[in-house]
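Note sheet for the following structure.
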Amino acid sequence: MTARGPLRVVGQSVRRVDAVEKVTGRARYASDLVRPGMLHARLLRSPYPHARLVRVDGTAARAAAGVQAVVTGADLGWCDPYFGPAFRDRPILAIDVARYEGEPVAAVVAEDDEAAAAALELIDAEYEERPAVTTLDEALAPGAPLVHTAKPLAGHFADLSSLRPRPGTNICHQFHFERGAVGEALAGAALVIDDTYTFPRVQHYSMEPHAAVAAWDEQGGLTVWASTQNPYSVRVELAGMFGIPLGRIRIVVPHLGGGFGGKTYAKLEPIVAVLARVTGRPVRLALTAEEAFRTVRRCDARVRVRLGLAGDGRLVAVECDADYDVGAYADIGPRVVQKGTYTATGPYRVPHVRLDARAVYTNTTPGGAFRGFGVPQLAWAVESLLDEAARRLDRDPVDLRRDNLLHHGEEFAPGDTPIDGKFEESLGRAAEAIRWTQAAAADRGRGVAMMMKASIGPSVSEAIVRLHADASVTVLASTVEMGQGARTVMAQIAAEVLAVPLERVMVAAPDTSITPYDQTTSSSRSTTMTGRAVQEAAEDVLGQLLRVASARLGVAVSALSVADARVSAGGEAVSYVDLLRERFGMGGGELIGRGVVAPGRSAAPLGGSTPFWEMAVGAAEVSVDEETGAVTVEDYVSVADVGRRINPRQCEAQDEGAVVQGLGHTLYEEMLYEGGQLLNANLAGYRVPRAADVPGRMTCRFVENADGPGPFGAKGAGEGSLIPVSPAVANALARLTGVRMRELPLTPERVWRALRARRRRADP
Amino acid sequence: MLTPSSSDLAFTVNGRAVALRVPAHALLLDLLRDRLGLTGAKRSCDMQVCGACTVLVDGEPVSACTYLAVEVDGRDVLTVEGLADGEVLDPVQAAFVDHGAVQCGFCTPGMVLTARALLAERPAPSREDVLHYLRGSLCRCTGYVKIVEAILGCGTGRP
């Protein structure tokens, strides 16, 4: 390849390529789409957490004005009505049994949304209530009512072929990981601390609730315009359910109004496809916010951890038993559970480890992927306990962590990717930025926390780059723009490699009939994996172009350089436009490049090696109102090791958002159930952070050693910085007040009660 | 079932005169999105908390998700589609672009209009003014930092 000069576009905080369409309101989301002849759907949902469907009769609803169809679970005999990425345990509409309050039991399709909503009231549904389990304790009790009784059907995820449900219980998957001899190590440890932490059920609250439009064509093909992070996973699900080839299914993804994991895997696509098939017309289903609360959530968890440390503060053993509540359907919960637990030991060197985790069904909204993918639940426990260990050993929490950090190049687990970052640099930068070594004001406390998260492995990304006759460029890749800025990053990478102006690069929206395979937009993988595919595809195009230039200029390819859409050698330069005309003998034709990133399976414990380790440190300074228990985060520092920032400002924006989202489950957010009923499925009862809740000082910094496997040394970003927030804040609170919180969110009431209990202990 | 009563409305949207007959219970958000094709205002919380549906009625920010369409009779509605002058962005729009205050974009139209209302009321808002004004405008992506910076950047007092 030609000599590369300094980077021009990569590393610059260029404006987002989609900013203008978004500030002008022109950007289209799934719920903005209109198809000719489009009908509107609404769902009837179970009022009970667990019930047998005695009767779901749509006769009266079918007769209502404007109604085109009423569909129930009993009407789905013509397709395979079950779906799910881990187990195919979720029916399109409840069949015989409803397993959580809010589960769809019937659908109405009508000429307009109002008619569909009105007809829901006319469906005659009779339920026979069954005993429900809505907490981990209830679900795990001996003889507990079972959420699922049938033998589970395997889903499509290859590395979950080892799913281990425990028949006759509510345990749908178990994960075990062990190395060394943890029992002996704990017995010989100078300090063993053992405690249990809980993490709440929380809701993504993407500003855009899930939406999808489906239409079948005259050739029997299906198109779904969907708010999904995984068009290709959705395609696989639909192909199986409807028995049609992948090539006849087209999933088109417009802009997503936020995803955060809540739009991974099939959600509404199966039901809209059914309704479009039944009516023979395009059908739209756009959920309300209340319905989004009843679609997916983060898995709540109870985590018991035992840490064993030597007298000098070295970690010798970690034992962990984690129970995650995956709700009524597994979704991707089993994978969340095993992946979250796998990195329970965080960025630390621990010789003796035993990790056990269980994914547990309950009669609640299904638990799935949510930014951090199971790690926040574990890190909340482990990072809190590490501070307790420091206190008991009279060690500084930063020093204790530093002494235990894995080093660059060190093995985390046999067969998995060696550590690819310099963790001590991240920790040092965070400590410095929060002024760790200077005393805090008397009414302030400071705390730190760290985390390490694996990305997804193995995974595949493919990309196509087209250089057109006028030297403009189209990038075809299926990573989904959900706000994170992926389209801008892909455009920057292509513009950099091809030496064309950024505004000459167009990144197509994902469309499985046009843009090539990409496994998923999750796991902070897009910049690294899709980005590398785009980089390779652009280099492929450049290579073709340079061969044309070499012939034209009569010099070797290695002697050529590119800048401003021109190839030059010595004093002679020729424009891409001229070279393309020469190549095709006319003013038409284009060069097409291909990029494929497919690391494949490995001997790593989860079946594939992580492409990179996502690494972040959080440091918080807090104050507390002793009268009310209200905690205020006054200052927050986030440091993430991202290898290289393709777009520095977008990285900053990702981490600012991650920290504030983390403050949500740390201080405010929790889905509350009573008797199996979700009480606060709306923004009046469910409090997400507002502008005024952002810490008065908030700093997001980055470690950039260009040591990642992505383009130009990049690694993933975006999830990591959310994870340390809860333990950093709780550690700060503990150092300020001596009160150790074990339950999130840190509501004023919980903190006030803990402060009162401490006062009573201190002053009996 | 009773036929809902309807009303004839005459009002302006983004400077254009509109005459329509709407049911008495119709919401402004549905009128804008479904009948006028102005999908910039977004539906999210449906309860006047999140601000994604914010539009200006006679310059005042309202939540179109809970605002009866009949109430705009004789009034002037401004949606995000009416802000730019051709391809020239409104200063608030330009500031959101320049400060990187946009991520998924779903809250952006409401945020931009809310900011416009604030700046009309207070041309040089303080940070506290901005935070106060954004109580009814939620964003799940940005952590608000760059939104606040963008709005302050539009004010005559630079941040």
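With (1) over 27 Å from A:LEU663 (Cα atoms); (2) open to solvent by less than 10 Å² (accessible area, probe 1.4 Å) as the list, and A:SER426 as the residue in question, which single condition is left unmet?
(1)
Yes or no, residue by residue, for (1) over 19 Å from A:ALA630 (Cβ atoms); (2) within 10 Å of chain B (Cβ to nearest Cβ); (3) part of a loop (DSSP other than H, G, I, E, B):
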{"residue": "A:GLY657", "(1), (2), (3)": "yes, yes, no"}
{"residue": "A:VAL660", "(1), (2), (3)": "no, yes, no"}
{"residue": "A:THR666", "(1), (2), (3)": "no, no, no"}
{"residue": "A:ALA681", "(1), (2), (3)": "yes, no, yes"}
{"residue": "A:ALA684", "(1), (2), (3)": "yes, yes, yes"}
{"residue": "A:ARG687", "(1), (2), (3)": "no, yes, yes"}
{"residue": "A:MET698", "(1), (2), (3)": "no, yes, no"}
{"residue": "A:PHE702", "(1), (2), (3)": "yes, no, no"}
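Let me confirm something: among A:VAL548, A:VAL505, A:VAL577, which residue is more than 25 Å from A:PRO599 (Cβ to Cβ) and open to solvent by 40 Å² or more (accessible area, probe 1.4 Å)?
One residue alone meets the criteria, A:VAL577.
Out of the residues in the range A:484-493 that are among the small types (Gly, Ala, Ser) and either touching an Asp or Glu at 6+ places or on another chain (Cβ under 8 Å) or within 14 Å of chain B (Cβ to nearest Cβ) (or both), state the one that is farthest from A:VAL252 (Cα to Cα). Can you show your working first?
Restricting attention to the range A:484-493, the residues satisfying the condition of being among the small types (Gly, Ala, Ser) are A:485-486, A:491.
Filter once more, keeping what is either touching an Asp or Glu at 6+ places or on another chain (Cβ under 8 Å) or within 14 Å of chain B (Cβ to nearest Cβ) (or both): A:485-486.
On the way: A:GLY485: 18, A:ALA486: 16 Å.
Checking each candidate, the answer is A:GLY485.
Residues checked against (1) under 21 Å from A:ALA653 (Cβ atoms); (2) within 7 Å of chain A (Cβ to nearest Cβ); (3) touching a strand residue (DSSP E or B) at 6+ places or on another chain (Cβ under 6 Å):
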residue: B:VAL92; (1), (2), (3): yes, no, no
residue: B:ALA95; (1), (2), (3): yes, no, no
residue: B:ALA101; (1), (2), (3): yes, no, no
residue: B:MET111; (1), (2), (3): yes, no, no
residue: B:ALA115; (1), (2), (3): yes, no, no
residue: B:LEU118; (1), (2), (3): no, no, no
residue: B:ARG127; (1), (2), (3): yes, no, no
residue: B:LEU134; (1), (2), (3): yes, yes, no
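Please work out if A:THR515 is open to solvent by less than 10 Å² (accessible area, probe 1.4 Å) and either within 14 Å of chain B (Cβ to nearest Cβ) or in a loop (DSSP other than H, G, I, E, B) (or both).
Details: open to solvent by less than 10 Å² (accessible area, probe 1.4 Å): yes; either within 14 Å of chain B (Cβ to nearest Cβ) or in a loop (DSSP other than H, G, I, E, B) (or both): yes.
Criteria met by A:THR515.
Go through A:ALA139, A:ALA144, A:ALA132, A:ALA187 for me and flag whichever is open to solvent by less than 50 Å² (accessible area, probe 1.4 Å), at pLDDT 95 or above, in a helix (DSSP H, G or I) and not aromatic (Phe, Trp, Tyr). Explain how you work it out, then say what you get.
Numbers: A:ALA144 fails: in a helix (DSSP H, G or I); A:ALA132 fails: in a helix (DSSP H, G or I); A:ALA187 fails: open to solvent by less than 50 Å² (accessible area, probe 1.4 Å).
Going through A:ALA139, A:ALA144, A:ALA132, A:ALA187 in turn, the sole match is A:ALA139.
Right, A:ARG284: in contact (Cβ under 8 Å) with a residue 12 or more places away in the chain, touching a Ser or Thr at 6+ places or on another chain (Cβ under 9 Å), assigned to a strand (DSSP E or B) and crowded, with 21+ Cβ neighbours inside 10 Å or not?
Values: in contact (Cβ under 8 Å) with a residue 12 or more places away in the chain: yes; touching a Ser or Thr at 6+ places or on another chain (Cβ under 9 Å): yes; assigned to a strand (DSSP E or B): yes; crowded, with 21+ Cβ neighbours inside 10 Å: yes.
It is true that A:ARG284 is in contact (Cβ under 8 Å) with a residue 12 or more places away in the chain, touching a Ser or Thr at 6+ places or on another chain (Cβ under 9 Å), assigned to a strand (DSSP E or B) and crowded, with 21+ Cβ neighbours inside 10 Å.
Filtering the range A:229-254 down to residues that are within 14 Å of another protein chain (Cβ to nearest Cβ) and open to solvent by less than 10 Å² (accessible area, probe 1.4 Å), which residue is nearest to A:ALA41 (Cα to Cα)?
Taking the range A:229-254 and keeping what is within 14 Å of another protein chain (Cβ to nearest Cβ), we get A:229, A:253-254.
Remaining after also requiring open to solvent by less than 10 Å² (accessible area, probe 1.4 Å): A:229, A:253.
Values: A:GLN229: 22, A:VAL253: 19 Å.
Filtering first and then ranking leaves A:VAL253.
Which is within 14 Å of another protein chain (Cβ to nearest Cβ) and either over 14 Å from A:SER461 (Cβ atoms) or touching a strand residue (DSSP E or B) at 6+ places or on another chain (Cβ under 8 Å) (or both), of A:GLU496, A:GLU539, A:GLU481? It would help to see each step written out before you state the result.
Values: A:GLU496 fails: within 14 Å of another protein chain (Cβ to nearest Cβ); A:GLU539 fails: within 14 Å of another protein chain (Cβ to nearest Cβ).
The match here is A:GLU481.
State whether one or more residues within the range B:42-61 are more than 9 Å from chain A (Cβ to nearest Cβ), open to solvent by 60 Å² or more (accessible area, probe 1.4 Å) and either within 23 Å of A:LEU285 (Cβ to Cβ) or among the charged types (D, E, K, R) (or both).
yes
Given the options A:ALA141, A:ALA215, name the one that is over 29 Å from A:GLY457 (Cα atoms), of a type outside the set (D, E, K, R) and touching a residue at least 40 places away in the same chain (Cβ under 8 Å).
Numbers: A:ALA141 fails: touching a residue at least 40 places away in the same chain (Cβ under 8 Å).
Only one candidate qualifies: A:ALA215.
The values are calculated or read from the model by the stated rules, or taken from the named source; none is laboratory data. None of the values given here were measured: they were computed from a predicted structure. Glycine also receives a Cβ, built like all others from the backbone with ideal geometry; neighbour counts cover every protein chain displayed. With ligands, DNA and RNA removed, areas are computed over all heavy atoms of the protein, side chains included. Shrake-Rupley method; radii C 1.70, N 1.55, O 1.52, S 1.80 Å.
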